[in-house]
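Please read the structure below before turning to the comments.
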């Protein structure tokens, strides 16, 4: 039975219901009444500016705006000054079209709509005797300028990254994809935050079903506040609890443009520099933007290193433990003796020793990630070198273990995408635990379990492991090696159903005459 | 949004290829060499060549039924009630085989790698994976095979490369010293393995939408599996010689322990452990999935996860019957030579029946 006092308590209301419901109501034409009604609607807003202007034609006009969200020069010169100089009794359409000097305007009569427009950074004009208001688009919100992407920095190629302003991000995309086929649809998410989200795609390449599915999933979101792309990606993902990121997040316009041209949909959210690429395939996490700027052989070698890094970062601790603790017959005696000698005096069992060291390493990484660069570097040195050496000298850990953990940690950071680092850092632990129970059998068990997980995952209905499973020879080849561009003449077949051809060039092999030092013309 | 991809022909072929090889990878030389000696690899090759017409019969059957569900196809061939009996027979054969493979998986790992761990624990661990695969459906199982084949490839390549230098060609002579009768006997022991691949091909074929070149592709997969086994038999004979090969139940394990890789690794069992595990998963998983889908065809009320869990109990119970590896191998031989061998008669008869009785009504949906 519930405690007696509890029945007097109100049932907690969900957050989105607690939010003040916008009262329905329209303008009356009585300026005092309308102004008060609007103020009442937006009460407790300290940054709301209210100003009354008298025209020479004796019409009273009330201005509402949030001071830090509008271009004050434009408000003064384009709105207040023309109004003060106006000697005629103009109707609202004339005021907007011929009197005021503003880039955009709308008319509205609902108070709720006016409140929303104010929150978006518009100026609202109420007029004495008119039951209609003007919403003037003069917003100017200070934003970060276009900078290098810190999370996806590259040595070669374009460096610019998205910023927090959706409009500017769209402009960046338009400058890269100067075609009318580049489309973007706006959807407003968040009952309170009213965040704008842009759904981008290339008409004629993208599957219409995919666009419809993205829109449907976005519209299904019923939430108070959207903080950005990370929030959105979790809410629209096929498996929000999956360890691996099923939707790739990027800050690079060049990557987004490439994704769009392959027939994908990209979602950008206002207030967040990250874009969500839909769908995403696991193999893409191994690919870097620079790969296609390097010579194929060099880029292929780098991919091989990354792939090796991926394997090492997940499996090395478990494999090492399995070999040393279960299957040491495989290791030659001199090597095994040296490993055993290094462990002499270490008080912890191998698996505990390794887990402690791996956790220590992850703590150092996490601590240095959040620090400013110089402090972060110092932390890395103190943690990685001094702590490791001291631990070995104190006999707390064996030297071989330090090498294994360091190699594992380093390998994790060979991956070009930040989104995959977290999963890699996490996955080594279950592998280690499995191998600590059953040795290589346990490691293989964990591998098959992981394979079963990843092959059953889908990114917006598309198999996450494409082109590995289901196998596609053309796509597969471009995972492990970077094949020459003229072999990539077609888009991924799963994505671009109709329009698969992306280029019609033949490799520029020289003619026989050129090989002999003669020009093609001669 | 509909899933854009289901099982395709390539996936089906890969699955048939690895299921055909499966755990036979380990005992193959131990079965044929005691009978036919140095001609063991020829026996294996012939054992996979002779059954190829049955692959085309299976392909013809697949074309005569609806695509998408195994149970529906069988019922379309045989009618609802005879179809159910056939499905039960298939389920019985594969359940027995699967249970024994589960036992084999645990026992072999117990013997070669983890002597302190009871075999049933490893069988149980393997069973968990198989049950999980079945719960997620045929498509996920086939895709997991596709990915695991890529994991296996480096191990298999490394394995062959490591043992190649130790091979002595004189160990393969005389080639046909034991005569044609013993060769025929060895072939007789091999052909049930090919039937396992063909039956799995028949099963997977009912899930493949575009099966125009099904017969040719699956026959290549089955024969490719046989060729890989023949190559392994030749390698085993070449490295160990006939005398040593005859004395082992699993000569491949001995082969792996014989070879040395430089100074770093004592033996190359490290390549073998993952292969053994993956082969056990793939073959036991194939058996489990076939049984599960067959039971679904028999009784639609057997829904997931209860079907997989109940089957898991059944497989585990079967796996606990044999006590030693020798008993497992003998039981596997009996299952192969009786129940799977029978399909060399059943498949042509089934095709004949379907061709005569269901003429003009190829895509008739089953009345379940």
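The values are calculated or read from the model by the stated rules, or taken from the named source; none is laboratory data. As the structure is a computational prediction, the values presented were derived from the model and not from experiment. Ideal geometry is used to build each Cβ from the backbone, glycine not excepted, and the neighbour counts take in all protein chains shown.
Tell me, please, whether a residue that is under 24 Å from residue A:292 (Cα atoms), more than 15 Å from the chain's Cα centre (by Cα) and outside any helix (DSSP H, G or I) can be found in the stretch A:185-192.
Let us first name the residues in the stretch A:185-192 that are under 24 Å from residue A:292 (Cα atoms), namely none.
No, there is no match, as no residue in the stretch A:185-192 is under 24 Å from residue A:292 (Cα atoms), more than 15 Å from the chain's Cα centre (by Cα) and outside any helix (DSSP H, G or I).
Being under 30 Å from residue A:204 (Cα atoms) and in contact (Cβ under 8 Å) with a residue 12 or more places away in the chain narrows it down to one residue among A:467, A:423, A:430; which is it?
Exactly one of A:467, A:423, A:430 is under 30 Å from residue A:204 (Cα atoms) and in contact (Cβ under 8 Å) with a residue 12 or more places away in the chain, namely A:467.
Considering only residues of the stretch A:463-480 that are crowded, with 17+ Cβ neighbours inside 10 Å and more than 7 Å from chain B (Cβ to nearest Cβ), which is modelled with the highest pLDDT?
Of all residues in the stretch A:463-480, those crowded, with 17+ Cβ neighbours inside 10 Å come to A:463-472, A:475, A:478-479.
Applying the additional criterion that residues be more than 7 Å from chain B (Cβ to nearest Cβ) yields A:464, A:466-467, A:472, A:475, A:478-479.
Values: A:464: 91, A:466: 85, A:467: 84, A:472: 75, A:475: 62, A:478: 73, A:479: 74.
This residue is A:464.
So if I check each of B:12, B:47, which one is touching a residue at least 12 places away in the same chain (Cβ under 8 Å), within 14 Å of chain A (Cβ to nearest Cβ) and buried (at least 22 other Cβ atoms within 10 Å of the Cβ)?
Values: B:47 fails: within 14 Å of chain A (Cβ to nearest Cβ).
Only one candidate qualifies: B:12.
Residue pairs, Cβ under 6 Å, 6 or more apart or interchain, first in the stretch A:325-338 and crowded, with 16+ Cβ neighbours inside 10 Å, second modelled with pLDDT under 80 and in a helix (DSSP H, G or I). List them.
Final answer for the pair search is A:330/B:270.
Quickly run through the stretch A:392-401 and pick out the residues that are part of a helix (DSSP H, G or I) and surrounded by 20 or more Cβ atoms within 10 Å (Cβ to Cβ).
Kept after step one, since they are part of a helix (DSSP H, G or I), are these residues of the stretch A:392-401: A:392-393, A:399-401.
Answer for the stretch A:392-401, where residues must be part of a helix (DSSP H, G or I) and surrounded by 20 or more Cβ atoms within 10 Å (Cβ to Cβ): just A:401.
Take the residues in the stretch A:448-462 that are at the interface with another protein chain (Cβ under 8 Å from one of its Cβ atoms) and in contact (Cβ under 8 Å) with a residue 24 or more places away in the chain; name whichever of them is nearest to the chain's Cα centre (by Cα).
A:460
Suppose we keep only residues that are farther than 30 Å from residue A:453 by Cβ and buried (at least 18 other Cβ atoms within 10 Å of the Cβ) within the stretch B:139-166. Which one would you say is nearest to the other protein chains (Cβ to nearest Cβ)?
At the first step, the residues of the stretch B:139-166 found to be farther than 30 Å from residue A:453 by Cβ are B:160-166.
Filter once more, keeping what is buried (at least 18 other Cβ atoms within 10 Å of the Cβ): B:162-163.
Values: B:162: 13, B:163: 16 Å.
Per the criteria, the residue is B:162.
For residue B:114, are the conditions met, namely being surrounded by fewer than 23 Cβ atoms within 10 Å (Cβ to Cβ), at the interface with another protein chain (Cβ under 10 Å from one of its Cβ atoms) and modelled with pLDDT of 90 or more?
The answer is no for residue B:114.
Which of (1) touching a residue at least 12 places away in the same chain (Cβ under 8 Å); (2) crowded, with 17+ Cβ neighbours inside 10 Å; (3) under 30 Å from residue A:398 (Cβ atoms); (4) within 14 Å of chain B (Cβ to nearest Cβ) is the odd one out, the single condition residue A:308 does not satisfy?
So residue A:308 meets the others, but not (2).
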